[in-house]
1. Taking the beta-carbon count within 10 Å as an exposure proxy, list Arg269, Arg276 from fewest neighbours to most.
2. Could you please rank Ser118, Ser137, placing first whichever residue has the fewest other Cβ atoms within 10 Å of its Cβ?
3. Farthest toward the dipole's positive end in the chain, which of Thr139, Phe304, Ser178, given Cβ charges of +1 (Lys, Arg) and -1 (Asp, Glu) about the Cα centre?
4. Highest mean first, how do 172-179, 199-206 rank when packing is the count of other Cβ atoms within 10 Å averaged over residues?
5. How big is the charge dipole of the chain about its Cα centre, in debye rounded to the nearest 20, if each Lys and Arg gets +1 on its Cβ and each Asp and Glu gets -1 on its Cβ?
6. May I ask you to order 3-16, 62-75, 237-250 by the average number of other C-beta atoms within 10 Å around their residues, highest value first?
7. Quick one: net charge around Phe34, please, counting Lys, Arg +1 and Asp, Glu -1 for every other residue with C-beta under 11 Å from its C-beta.
8. By a straight-distance test (C-alpha under 21 Å), which lysines pair with Lys195 as possible cross-link partners, with residues fewer than eight away in the same chain excluded?
Amino acid sequence: MPKVIAFGEVLVDLLAHPDPEAGWSGSLGEFTAFPGGAPANVAAAVARLGGHSAFAGKIGDDAFGTALKATLEDFGVDTGAVSVARGANTPLALVTLDAHGERSFAFYRTATADLKFSSEDLDAVPFTGGDILHVCSNTLTEAPIRVVTETAVARARDAGCLISLDVNLRPGLWPAGSDPLTAIQALAEQADVIKLSREELDFVSGARSESDWLSAMQADRARLIVVTDADAPVRVCLRHAEHEVNPPAIEMTDSTAAGDAFVGGLLYRLAQSGLRPETLPGWLEDAEAALLESVRFACACGAFAAMHKGAFTSLPSVDDLARHFPGLTDLT
């Protein structure tokens, strides 16, 4: 089975628990530290399902960094392209949840380890034809790491890998005066598979209509664009058709890693199919039933994650999915 290589940040999510006895007002109180970071979550999600995954990124020169690498390895993620950024700290994300389980983020990410990954570090990434490189927009926020991201995508394409992009827009990570739209657009034009939320679709469309943006992406390289919208139907946008898939109805606990679990489930299924850039278009046309079943599988992964707290800790195994969603017809 081909592997999914996730490139970017691994960090610590500090999940706040209200505790009036601690003297705080509002949503703060005690904090629980969870391993996280969108690309790392995807790598862990694929491995948790039984797939092959690798993570490429820098870890902090601190106790958090050591623990994060060990946790990735415990999940079965290949960490051969993970190294320590000497003198740099692990990035932190303060996560608060509202009454419905929807999360808000505050990031502590100044000169942190994830931003120190260099083009030379890419030499340790084993790009192989048929693999999938997964990236997010958080490695576009500053010029040096943006160049590394672009280089990684170019190397992966040259090697015959599929390119997956989760827009995963976090405005708080972008410096004042920066232009996230232009940077994200340039990366999206290199992707075979794009996942974004309804709000992110509205953002990246800019002055264009959503349909015009989708058509423009599909005229470039993108063959599969998936638009999520909380508990509303998932839009599956192909060049020749558009479909909707209903996610399972659940009671949400914590949405922190729901999108990453969805992406991990989808990429796990695409990797199982052994697709390459040249075979993906034909498969999408000829195997729509398999594609839609893969999206339903991904929806179940996201739903399971939303039912549990944390990021890595919320990711399902195939057995978890079978127990919670018996209606899924294909769990292999």
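Derivation of every value follows stated rules applied to the coordinates shown; laboratory data play no part. Here the structure is a predicted model, which means the values were calculated and not measured. Please note: Cβ atoms are built from the backbone with ideal geometry, for glycine as well, and neighbour counts cover all protein chains shown.
1. Arg276, Arg269
2. On the way: Ser118 15, Ser137 26.
Listing Ser118, Ser137 from fewest to most nearby Cβ atoms yields Ser118, Ser137.
3. Thr139
4. Taking the mean over residues of other Cβ atoms within 10 Å, the ranking is 199-206, 172-179.
5. On the way: 24 positive and 45 negative charges, 97 e Å.
Dipole magnitude for the chain comes out near 460 debye.
6. 3-16, 62-75, 237-250
7. The answer is -1.
8. Cα-Cα hits under 21 Å: Lys3.
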